[in-house]
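Take a look at the structure below.
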Amino acid sequence: MGFSLRLHFKKKKNPKKDVAGELDGSAHPKTERRLSLRTFLSPGVQRKRKSVTNFDRVFSGPCAARKEKSNVTMMQRLVTCIRDCLVELDSEDFSDADLEKWAVLIFESMSAPTRMFHGIQHIFDVSHGISKPLPILGALFHDIIYYTIDGGLSSDQAEVIKGIIDEEEGGVVRLKQNLVLPDGSEEDKLVMAVASIFNIQPGQTLNPFLGLNEFLSAVVAVRCLRDHLPFKDLAVIAACIEATIPFRKPDTHGNTVADNLYNNLKSTNDTFDMQMTQDELVIGVQCAIDLSNRDLDNFATPNHAFFLSNTWNLLHEFNIDLRYTFVYRISSFALAIFFMA
């Protein structure tokens, strides 16, 4: 869990110099979207280099938690983090345009005015310290969609998940009976596999409080990366995102979240012939559970001030009335506190 976004602009003596250093990632998304990707990537860290990615460098830079003083923008961190993960996974068929497109999608989605808790800094807080690229990619995409909080999908999000859901009156979201590629040409077996990992059936209504956001976020992740990673790696990313569905108890049979995720991933592996070994299945689930624990880490912090600061952001994010700071009623505030208890 992370911090709310704040605007900070730096003054530079020469305004004609590179403007990317003037933004820290909480600037308006359209402002950064107009910047060339050359602004984000210095020549010394271009993807074309053949050396193996050093994740110590990544974690002390783009994927690290916030620093008190840094000229690195959020967009730079996103681009570099995605690129380094893909290089570590031996993917070489992505372009600078791909990196920019994915980073902008994540940045714009998580910079929405409704995001007071699950903002862009949150993904860096969650991914900080992770040593494997697949759960890092899962962390970057895991909260990209917050359907009820954001009031639905953005046009870019809707384009990515086209052919997957039916949006009905009253905010009801239902998985389509036939899951097809965005162009409608054929079945989308990858998304079918994601639904299997989430144990969601075709035609099922998606629960806004139990998996809707995570499932759609996983679909965005695998559709963005489908041409650049093997099927089984995409399945692990989806499993990592599934594990971030919070506050679930063991089921009626006593199976934990980890037990059910393992069973679902194993069944999906068999059904779609992903050829994951037993060790890969176990490691995939371990990575997923580690990510889920990191996602809820600050709820266990002994620092009361830090806990209350983050909880306060949740109050505003999940309660629309509280966003209108000069007009909400005491009853609205009391109700928000009640549901947080």
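Just a few scattered comments:
- The Rg/Rh ratio for the stretch 265-308 is 1.30, where Rg is the radius of gyration of the alpha carbons and Rh is the Kirkwood radius.
- A crude spin-label estimate for the pair Asn71 and Thr252, with each label 7 Å from Cα along the Cβ direction, gives 6.2 nm.
- Inter-probe distance in nm under a simple model that places probes 7 Å from Cα toward Cβ, at Leu210 and Thr271: 1.9 nm
- Solvent-accessible surface (1.4 angstrom probe) belonging to Leu291, in square angstrom, nearest 10: 0 Å²
- Solvent-accessible surface (1.4 Å probe) assigned to Lys132 amounts to roughly 90 Å².
- Sites Arg226 and Thr148, calculated FRET efficiency, Cβ-Cβ separation with R0 30 Å, nearest 0.05: 0.65
- Cβ-based charge dipole, the stretch 110-164, positive-most Cα from Ser154, Ile164, Leu140: Leu140
- Inter-probe distance in nm under a simple model that places probes 7 Å from Cα toward Cβ, at Val172 and Ile330: 4.0 nm
- Stretching the chain fully between Met192 and Ser155 yields a gain of 11.0 nm (0.36 nm per residue, less the alpha carbon separation).
The values are calculated or read from the model by the stated rules, or taken from the named source; none is laboratory data. Just so you know, these numbers come straight off a predicted model, no measurement behind them. Quick reminder, even Gly has a Cβ in these numbers, built from the backbone with ideal geometry, and neighbours come from all protein chains shown. All accessible areas refer to the heavy atoms of the entire protein, side chains included, with ligands and DNA or RNA removed. Shrake-Rupley method; radii C 1.70, N 1.55, O 1.52, S 1.80 Å.
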